[in-house]
1. Could you check segment B:309-346 and list, in sequence order, the residues that are more than 22 Å from residue B:173 (Cβ to Cβ), open to solvent by less than 10 Å² (accessible area, probe 1.4 Å) and outside any strand (DSSP E or B)?
2. Within the set of pairs 6 or more residues apart or between chains, which connect a residue that is closer than 26 Å to residue A:132 by Cα inside segment A:15-34 to a residue that is open to solvent by 50 Å² or more (accessible area, probe 1.4 Å) and outside any helix (DSSP H, G or I) with Cβ atoms less than 8 Å apart?
3. Could you say which residue among B:183, B:196, B:164 is open to solvent by less than 20 Å² (accessible area, probe 1.4 Å) and within 30 Å of residue A:182 (Cβ to Cβ)?
4. Which residue pairs have Cβ atoms closer than 7 Å, lie 6 or more positions apart in sequence or on different chains, and pair a first residue in segment A:62-78 that is free of Cβ contacts under 8 Å to residues at least 40 places away in the same chain with a second residue that is among the aromatic types (Phe, Trp, Tyr)?
5. Can you say whether residue B:319 is touching a residue at least 60 places away in the same chain (Cβ under 8 Å) and more than 30 Å from residue B:157 (Cα to Cα), as far as the supplied structure shows?
6. So is residue B:196 small (Gly, Ala, Ser), at pLDDT 80 or above and part of a helix (DSSP H, G or I) or not?
7. Look through segment A:146-200, keep the residues that are of a type in the set (A, V, I, L, M, F, W, C) and either open to solvent by 50 Å² or more (accessible area, probe 1.4 Å) or in contact with a Ser or Thr (Cβ under 7 Å, 6 or more places away or on another chain) (or both), and return whichever of them is farthest from the other protein chains (Cβ to nearest Cβ).
8. Out of all the residues in segment A:122-140, which are surrounded by 12 or more Cβ atoms within 10 Å (Cβ to Cβ) and more than 20 Å from residue B:165 (Cα to Cα)?
Amino acid sequence: MLLGKTYPAGGMGQAEAALNDIARHPATAQHIATAFARHFIADDPPPAAVARLAKVFAKSDGDLRALAMALIDLPEAWSTPMMKLRSPLEYVVAVRRAAGPGPTNVPNQSLGWLNTLGEPLWQPPGPNGFSDRTDSWASAEGMKVRLDIAWQAARQAGDISNPNDMLDALIGPSASPETRQAIARAESKQQGLALLLMAPEFQRR
Amino acid sequence: MSLLCETPNPSRRAVLMTGGALFAWAYLPRFARAADNRDPRLIVIVLRGALDGLSAVGPVGDPDYVSLHGDIALSLDGPHPALPLDGFFAVNPAMPVFARLFKANQAAVVHAAATGYRERSHFDGQDVLESGFAGPGHVATGWLNRALEGLPAGDRVATLGGLAVGPSTPLVIRGAAPVLGWAPQSLPAPAGDLAARVLDLYQHRDPMLAVALQKGLDADRMALDDQMDANAMKPKGGFDSAAGMRQAAQGAAKLIAADDGPRVAALAFDGWDTHVNEGGATGRLATLLGGLDGAFEEFEKGLGERWKDTAIVAITEFGRTARINGTVGTDHGTGTVVLLAGGAIKGGRVIADWPGLKPAQLYEQRDLAPTSDVRAVLKGLLADQFGLSAAVLGDKVFPESGAVKPMRDLVA
């Protein structure tokens, strides 16, 4: 008995039938659409965008590719301000892409950063996974750790050509005048790079 | 061997995501203390992996104890004699601080205790223990956080929020009430004025991040306090090591002792799942118990004059089998101990309706039978320390637990 419907006993078929019904349940479309929109648009995504995605999910019988295409077509996906904070995994990957692999080119340091930031790789605290909301990551401890990581990455970066050029390459179009100024006035290339890795435009997405 | 057993996988270092709301305790004015000069604090230590209560506090006076616990049974004789608490129970010799506090009436034991959970899965057992719900599956909020929420609006303890110490915020303190996170840090501190420059940029461009970063820097500075050398707070070990436990308590004590610091705190220590070579008076479990004992000592030292108003409670998801297994360890069981320490505790007592250890007296003929409910202990502490009513405790903090009455007079 599941959601008011009785499934006759009969091995694997029983479970498959139940799972199929769960997958096609309207609440599932709503749930997946919300998770999608929360990840790509905003913590509390516009209801219209969620409704549109839920419709596509139902219509395509759960085709995630179709869902992704629909998301790209949503104006909200492009117009919403950058309010989400990069998750620890996104942040660590972005830091590595910006500042290089570090001294040894082995993943240990990056994995250590993820542990310290509270998102150990593939080890969520429960089956519902890690949080996908900004307020879960923009914590006091979390931001302090990001500062330490930014400094460590900047210190280890082999060859920092010019932080101002890096700014243009990494966050160019979205960079605020204040961020440009802060980086231009840094007392060293290392500090400039660390500031860039801490800039709101680098933290948020 | 038991089912569903995973080696705890602690991330060795740091971190803490505070679940949700930001708050500015660092900026609160210092309130005058209450008229009776009591300023209660509650510290919850979750021992993950299931503590063998019969090896932590051994019923050395029970004639069936030795035959069940075999070579690892505690004894009042031998090279490592257990420390007697009363005529019947003795605490593991790895816990001299606890024994001293017990003698000074500042520590107590509730024995043969368990939550309402009767299966043997760590995950589910911890969910029940920490969420405070009657069954598993509730992983969003914990009872300690809901206790803060259950206080009257504007209550000082609620306003000051909670403190989470550990590799991640323990479920027990997750929820809507504000929680500050802290953990020993392993990364080198930024040189020069980088922090000030980033803060300045945030104040102009991103006030939310400015508040968060400022609080993170404040918390770190407070935990370090007067230690000139920031390296003193580099992690000395994970929270499954004795040094790591002691250090976690040391830092947490400084934050909790502050007049405007959190009044409730949660820590989670790992590694208690002793299926193999558990050891008795010495060995693996004794080493962990020594770490827990060190944590008690650090809290006593670090809390200073506030120790007298503090209650610390150490809880675990369930106990372990009464009989040792073929690998000189114990498997997942039921009844175990709750350890209480702190100046606020009405100590010097082992509180137990002892069920006995004969085969017919064991739960399912294998575990120490539970005769006390862990929730009754926790409710008693919350009622005595913060004045939460039985109704709020039975409905909101521990849902559907109205039948479990708060244990009275745990606090002096």
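1. Answer for segment B:309-346, where residues must be more than 22 Å from residue B:173 (Cβ to Cβ), open to solvent by less than 10 Å² (accessible area, probe 1.4 Å) and outside any strand (DSSP E or B): B:319, B:322, B:329, B:330, B:333, B:334, B:335.
2. A:22/A:2; A:22/A:3; A:24/A:61; A:25/A:3
3. B:183
4. Listed pairs, sorted by first residue: A:67/A:36; A:67/A:57; A:71/A:36; A:71/A:40; A:77/A:40.
5. yes
6. Judged against the criteria, residue B:196 is a match.
7. Once the filter is applied, the top-ranked residue is A:169.
8. If the condition is that a residue be surrounded by 12 or more Cβ atoms within 10 Å (Cβ to Cβ) and more than 20 Å from residue B:165 (Cα to Cα), then A:132, A:133, A:134 are the ones that fit.
The values are calculated or read from the model by the stated rules, or taken from the named source; none is laboratory data. Bear in mind that the values here come from a model prediction, so they are computed numbers and not experimental data. Note that we place each Cβ from the backbone using ideal geometry, even for glycine, and neighbour counts take in every protein chain shown. Each accessible area value is taken on the protein alone, full model and side chains, heavy atoms only, with ligands, DNA and RNA left out. Shrake-Rupley method; radii C 1.70, N 1.55, O 1.52, S 1.80 Å.
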